[in-house]
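The values are calculated or read from the model by the stated rules, or taken from the named source; none is laboratory data. As the structure is a computational prediction, the values presented were derived from the model and not from experiment. So basically every Cβ, Gly included, is an ideal-geometry build from the backbone, and we count neighbours across all protein chains shown. Heads up: the accessible areas ignore ligands, DNA and RNA and are worked out on the full protein's heavy atoms, side chains in. Shrake-Rupley method; radii C 1.70, N 1.55, O 1.52, S 1.80 Å.
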Amino acid sequence: MAAALVCHAQVSDNDTLRLDEHQMEEVVVTRQRQGTTRINSAMNAFSINKSELFKAACCNLGESFSTNASVDVNYNDATTGARQIKLLGLAGTYVQMLTETMPNFRNSASPFALSYVPGSWMKSIQVSKGAASVKNGFESITGQINVQYLQPEDEQGITVNLYGSSMARFEANTDANLHINPRLSTILLLHHENEYDEHDGNEDGFIDMPKVRGWNVGNRWAYLGRQYIFHGGVHFLDEKRSGGQLASHVGNQQEPLYKIGVETRREEIYMKHAFVLNEEHSTNIALMASATLQEMQSTYGKKHLRLNDKNLFASLMYETNFSPRHNLSVGLSLNSDYIREKVNHKETLYPNNKETTTGGYAQYTYTLDSRWIAMAGLRIDHSNVYGTFLTPRMHIKYAPSPIVSLRLSIGKGYRTVHPMSEYGYLLASGRQLTIDENLQQEEAWNYGLSTALNIPIFQRTLKLNAEYYYTDFSQQAVVDYDTDHRQITIGNLQGRSYSHTFQVDATYELFSGLSLTAAYRRNIVRTTYGGIRMDKPLQSRYKSLLTLSYKTPLGLWQFDATLALNGGGRMPLPYQTDDNGTLSWDSSFSSFEQLNVQLTRWFRHFSVYLGGENLTNVRQKYPILHAHHPYSSQFEPTMIWGPVRGAMGYIGIRINIGRL
């Protein structure tokens, strides 16, 4: 996926011109940089840059999509703070996460991955919907999200970001960039967060969100030669989450306090080598490799989970342009996972805990001026667990005029499921967790159709987009809350599972500095549970979004507001709790709205921002069922469909210290 050019939201050039020995008056050129831009490719993809990220506090990757209509971020449960992305109405496990175009944050990292990337470390985010390029592997089913970090070769200097919220959350971020010589540069990235207070807004005796204390350190290097380019670096993370019952809210009870704890240590190392063979035809060979080690220890009351997750990834790529119209990319890849899982000190032995997959791909792109772009790719991979499988994908873009463009995509994706690594938070439930010992590799086709219109209206451009995606699973690991209220099962799909997603959005600049975006998305997500095809539970059926952004002519003040309306949905099937027919919970949840606002004051070398999230103060009334009996089978903190916290205020400062 292409990296987007990133600059500040406001660019000013003050030039004093002299002509025929007469001084001209100062000329000021002011230009507003769009925060979200569509990537010119056959895929339906867009890039989110710094100016869009600055519209919210954006403390981490999970908070970077609050102004975006395409990507949702939801909590998995009310005890651990685990969150997941939803794209095209499906869970984030079907989105391939990339950093610097390399697969990352897989397996045990997936429940908490959105908090592993500090917001101030990001230069841009690229989002591709539907079946994506085969270059990056076979795991993309609903799309790809690629995080582009700050680069060593960026402008020299030190920046500091400090943040504090009314929920007693404090963060500090620093990045320092140094150019050792014209070709060699490095950047140091530091992050610390500490949520040091305990909040129980609904007074159920449980902390609304766990206290999080963590450090994140990164060091990246770059060497930019004429024929050879190198990028590499290391990242280290240490994080502790603690939550559960509050002693001050609990009377005398025979059982000990129900405590939640998740301790994580993560180490990453990566390198990228590029050899330019022919600059005129963009012919190059690239070698990319990464290694990751993640260790997690989790406690859910009397239950314990220990994970040791090791991953090795390598890719060798060759790419060339035969002519301006013809591009060919071929490559080989290797991905090796080694996962050890212990539940209550007993090791689980799934066949795919030791999986090595080798493969190769070929991708051809044809570009006819700016009207036609066609991209076809095919992968063949072999897994020591699942055997050999093919991944075909195709994208077509047709732009008959500068006003309108159409995109069509079709492709297949696969995914290996590691249930305890990905769904370990389900151990917090009082129900029995049952997992099929022979889970199959997930497999799905994705079909997409989208159109983008740029309509001139009153000397400005109305940007209108409409899209439809259909995802059809032939194999899937289904999390079943419905069949038996005494247990949660994860098993192979027995029947049909699919999703339909329709979205329309429009952006228009009402006048200079003031832009408005409106969007609506409808999700129809259905899966077979116990032989009955039903809507997926805890899934909003629709979402409406309205965002407003205004920046004053001199760029000193900026105001941003986002109003989201999330449609209601189905709850897991309730059961009768007594002979009178009393149900355990409602059969559905209603729609709810959320309002986020932020005001930013820009200065020459720093900016101050003040804002609030969920100012409508909407929250799920009972995020934890039977909270006063945490060791009973009725205890249930994992059925989350909405916010678990009320309104929150925050303040922060971004400081640009300048050159080292």
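Grab the other residues whose beta carbon is less than 10 angstrom from that of LEU390, score K and R as +1, D and E as -1, and report the net. Kindly include the intermediate steps, with their values, before the conclusion.
Details: positive: ARG379, LYS412; negative: ASP381.
Here the count lands on +1.
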Item checked: In segment 561-660, the trypsin sites (Lys or Arg not before Pro) that fall in loop regions by DSSP, at most 11 other Cβ within 10 Å -> ARG604, LYS621, ARG659
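With a sphere of radius 15 Å drawn around the Cβ of LEU277, what net charge do the other residues whose Cβ falls strictly inside it have (Lys, Arg +1; Asp, Glu -1)? List each step's numbers first, then the result.
Values: positive: ARG226; negative: GLU279, GLU280, GLU319.
Around LEU277, the charge tally is -2.
Let me have the 222 nm mean residue ellipticity of the chain computed from DSSP H runs of 4+ only, each contributing -39500 (n - 2.57), with the sum over all residues rounded to the nearest 500. Kindly include the intermediate steps, with their values, before the conclusion.
Working: 2 runs with 9 residues, N = 660.
Theoretical 222 nm ellipticity from helices: 0 deg cm²/dmol.
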Checklist line | Coil-residue GluC sites (Glu not before Pro) of segment 414-488, DSSP, other Cβ within 10 Å capped at 11 | finding: GLU437
Item checked: 15 Å beta-carbon shell around ARG659, net charge (K/R +1, D/E -1) -> -3
Notebook entry, point to check: Once the dipole of segment 332-475 is set up with Lys and Arg at +1 and Asp and Glu at -1 on Cβ about the Cα centre, which of THR391, LEU464, MET375 lies farthest towards its positive end?
Noted result: LEU464
Check: Rounded to a whole number, what is D in µm²/s for segment 399-517 from Stokes-Einstein with the Kirkwood radius over alpha-carbon pairs (4 °C, 1.567 mPa s)?
Finding: 72 µm²/s
Notebook entry, point to check: Roughly speaking, what is the centre-to-centre gap between segment 463-515 and segment 89-133 when only Cα atoms are used, to the nearest Å?
Noted result: 17 Å
Margin query: Before I look further, what does segment 43-145 give for accessible area per residue, probe 1.4 Å, in whole square angstrom?
Written below: 14 Å²
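Taking N as the number of residues in segment 506-660, what is its alpha-carbon radius of gyration divided by 2.2 N^0.38 Å?
Details: Rg = 21.7 Å, N = 155, 2.2 N^0.38 = 15.0 Å.
With N residues counted in segment 506-660, Rg over 2.2 N^0.38 Å equals 1.45.
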Checklist line | Nitroxide proxy distance, nm - points 7 Å out along Cα→Cβ at LEU610 and HIS500 | finding: 4.8 nm
Next item on the list: Determine the distance separating the Cα centre of segment 298-375 from the Cα centre of segment 135-206; give it in Å without decimals.
Entry: 24 Å
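Just want to confirm a number: the relative contact order over segment 509-660, from Cα pairs under 8 angstrom separated by 6+ residues, in percent. Show your work: numbers first, answer last.
Details: 307 pairs, mean separation 25.8, N = 152.
It comes to 17 percent, rounded to a whole number.
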Note to self: Highest mean first, how do 534-547, 115-128 rank when packing is the count of other Cβ atoms within 10 Å averaged over residues?
What the structure shows: 115-128, 534-547
Margin query: Between segment 548-578 and segment 39-66, what is the separation of their alpha carbon centroids in Å?
Written below: 16 Å
Next item on the list: Before anything else, pin down the relative contact order of segment 167-242: Cα pairs under 8 Å, at least 6 apart, normalised by residue count, whole percent.
Entry: 27 percent
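Mind checking the per residue accessible area of segment 402-476 for me, 1.4 Å probe, whole number of Å²? It would help to have the intermediate numbers written out before the result.
Numbers: 3150 Å² over 75 residues.
Computed with neighbouring chains in place, this is 42 Å² per residue.
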Next item on the list: Determine how large the accessible area of LYS211 is when every protein chain is in place; take a 1.4 Å probe and give Å² rounded to the nearest 10.
Entry: 60 Å²
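Could you order the peptides 233-243, 630-640 from most to least packed, using the average number of other C-beta atoms within 10 Å per residue?
Numbers: 233-243: 18.5, 630-640: 20.3.
Highest to lowest by the protection proxy: 630-640, 233-243.
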Item checked: Ordering of 89-98, 427-436 by burial proxy (mean other Cβ atoms within 10 Å per residue, highest first) -> 89-98, 427-436
Next item on the list: Report the one residue of ALA172, ILE187, ASN202 whose Cα lies farthest in the direction of the positive end of the charge dipole of segment 163-204 (charges on C-beta: Lys and Arg +1, Asp and Glu -1; origin at the Cα centre).
Entry: ILE187
Next item on the list: Using a 1.4 angstrom probe on heavy atoms only, work out the carbon and sulfur share of the accessible area of the chain in %.
Entry: 56 percent
Check: Normalised by the number of residues in the chain, what is the relative contact order in percent for Cα pairs under 8 Å and 6+ residues apart?
Finding: 11 percent
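Over segment 192-254, give the accessible area per residue in Å² for a 1.4 Å probe, as an integer. Working shown, then result.
Details: 3220 Å² over 63 residues.
The answer is 51 Å² per residue.
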Notebook entry, point to check: Toward the positive end of the charge dipole of segment 273-371, about the Cα centre and with charges on Cβ (Lys, Arg +1; Asp, Glu -1), which of THR299, LEU312, ASN327 goes farthest?
Noted result: THR299
Check: How about segment 81-169: which GluC sites (Glu not before Pro) there are in a DSSP loop, with at most 12 other Cβ atoms within 10 Å of their Cβ?
Finding: GLU155
Next item on the list: Using θ = phi - 60° and the Karplus relation 6.51 cos²θ - 1.76 cosθ + 1.60, list the HN-Hα couplings for segment 323-335 in order, rounded to whole Hz, with x at every Gly or Pro.
Entry: 7, x, 9, 10, 10, 10, 10, 10, x, 10, 9, 9, 9
Check: Ignoring ligands and nucleic acids, what accessible area does LEU462 show with a 1.4 Å probe (Å², nearest 10)?
Finding: 40 Å²
Margin query: For the chain, place one equal point scatterer on every Cα, skip the solvent, and apply the Debye formula. What is log10 of I(q)/I(0) at q = 0.05, 0.10, 0.11, 0.12 Å⁻¹?
Written below: -0.23, -0.98, -1.22, -1.49
